[in-house]
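Asks: Can you keep this structure in mind? I'll have questions shortly.
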Amino acid sequence: MSLARHHAPDVKLLHEAAAWRAEDNQMRKAAAVLALLGSVSIASPAIAGNPEGKLQVKVLGTAVLPNGKITNVKTDIIGLPAGTQTKANDNVVPTIAIEYFFTPNISLETICCLTQHDVDATSGLPGAELVADAKLIPATFTLKYHPVTEGPIQPYFGAGPAYFLFISDKPGAGAKGLGANGFKLDDAFGVALQGGVDFPINDSGMVISIDAKKYFVSTDAHWYANGTEVIRTTHKLDPWVLSAGLGFRF
């Protein structure tokens, strides 16, 4: 029996274990968000609100679904395989949104969350982890319009600037295998478009909220070997950010 044949079952088990760990992590994230929303729901009777108030706070579970596609290779000393392409992984995180109503129809909203992503190659170096544990704060302000409607559904539309602040990042195992031992993602400005609906569930300013944002933003990624930049690429992030949860107006 050859050495390759002898080790084939072990490799299969490693792939299955990795897939199980990834699925388990996603389930843990979803469970954490549901637990957070459940605790807020239980505590909600003690919150005194006002459906006509100026301030609204939302506690949300949020799916961050980025792209991560390479749109330009600016520096390549290492020699990436031709056609190398990448994709950032999805994440689910808790989010807080704070909104101020200037009038019943016009408001300004900002969100607070921290999300973490890896970037893997999808072609050229398929499966290679190029970026590990990139932590991002997507600072966002949207000016929102709330049209007058009849009935319980309260839709809204918004748009505004976004600033992607990367507070931690490092090269992935695949990049290290190519000789990179340092890494940096540039902070970047972009814009966000927003749409959603609020469903009032009592007379005290409490709502169920469903929200969708589409961001348009790109960033440059830098890989270093002993302080020298060896790869620099531009990545289109353009994430969808989908949220659902409870809102409280005061």
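The values are calculated or read from the model by the stated rules, or taken from the named source; none is laboratory data. Model, not experiment: these values are computed from the prediction. Glycine gets a Cβ as well: all are built from the backbone with ideal geometry, and neighbour counts include every protein chain shown.
So that you can scan it fast, the table gives a plain yes or no per residue for (1) in contact (Cβ under 8 Å) with a residue 60 or more places away in the chain; (2) outside any strand (DSSP E or B); (3) crowded, with 19+ Cβ neighbours inside 10 Å:
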position	(1), (2), (3)
127	no, yes, no
132	no, no, yes
156	no, no, yes
159	no, no, no
163	no, no, no
166	no, no, no
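Asks: Which condition does residue 120 not pass, out of (1) buried (at least 17 other Cβ atoms within 10 Å of the Cβ); (2) in contact with a helix residue (DSSP H, G or I) (Cβ under 9 Å, 6 or more places away or on another chain); (3) at pLDDT below 95, if it passes all the others?
Replies: Going through (1) buried (at least 17 other Cβ atoms within 10 Å of the Cβ); (2) in contact with a helix residue (DSSP H, G or I) (Cβ under 9 Å, 6 or more places away or on another chain); (3) at pLDDT below 95 one by one, residue 120 breaks only (3).
Asks: Kindly establish whether residue 137 is surrounded by fewer than 19 Cβ atoms within 10 Å (Cβ to Cβ), farther than 24 Å from residue 71 by Cβ, under 22 Å from the mean Cα position of the chain (by Cα) and at pLDDT 95 or above.
Replies: It is false that residue 137 is surrounded by fewer than 19 Cβ atoms within 10 Å (Cβ to Cβ), farther than 24 Å from residue 71 by Cβ, under 22 Å from the mean Cα position of the chain (by Cα) and at pLDDT 95 or above.
Asks: In addition: How many of the residues making up segment 211-235 are more than 15 Å from the chain's Cα centre (by Cα) and either among the aromatic types (Phe, Trp, Tyr) or exposed (fewer than 15 other Cβ atoms within 10 Å of the Cβ) (or both)?
Replies: Residues meeting the conditions: 5.
Asks: Taking residue 167, is it among the aliphatic types (A, V, I, L, M), in contact with a strand residue (DSSP E or B) (Cβ under 7 Å, 6 or more places away or on another chain) and closer than 20 Å to residue 249 by Cβ?
Replies: no
Asks: A further question follows. Based on what the data block shows, is residue 207 crowded, with 20+ Cβ neighbours inside 10 Å, hydrophobic (A, V, I, L, M, F, W, C) and closer than 22 Å to residue 56 by Cα?
Replies: yes
Asks: Working only within segment 236-250, note down all residues that are touching a Leu at 6+ places or on another chain (Cβ under 6 Å), at pLDDT 95 or above and either small (Gly, Ala, Ser) or surrounded by fewer than 22 Cβ atoms within 10 Å (Cβ to Cβ) (or both). Working first, answer last.
Replies: So in segment 236-250, the residues touching a Leu at 6+ places or on another chain (Cβ under 6 Å) come out as 239-240, 243, 245, 250.
Applying the additional criterion that residues be at pLDDT 95 or above yields 239-240, 243, 245.
Selection gives 240, 243, 245.
Asks: Scan segment 143-151 and give yes if some residue there is of a type in the set (D, E, K, R), outside any loop (DSSP other than H, G, I, E, B) and without any contact (Cβ under 8 Å) to a residue 40 or more places away in the chain, otherwise no.
Replies: no
Asks: Among the residues of segment 213-232, is any within 30 Å of residue 101 (Cα to Cα) and without any contact (Cβ under 8 Å) to a residue 24 or more places away in the chain?
Replies: No: segment 213-232 contains no residue that is within 30 Å of residue 101 (Cα to Cα) and without any contact (Cβ under 8 Å) to a residue 24 or more places away in the chain.
Asks: Sticking with this one: Of the conditions (1) assigned to a strand (DSSP E or B); (2) under 18 Å from the mean Cα position of the chain (by Cα); (3) closer than 30 Å to residue 107 by Cα, residue 238 fails just one. Which one is it?
Replies: Condition not satisfied by residue 238: (1).
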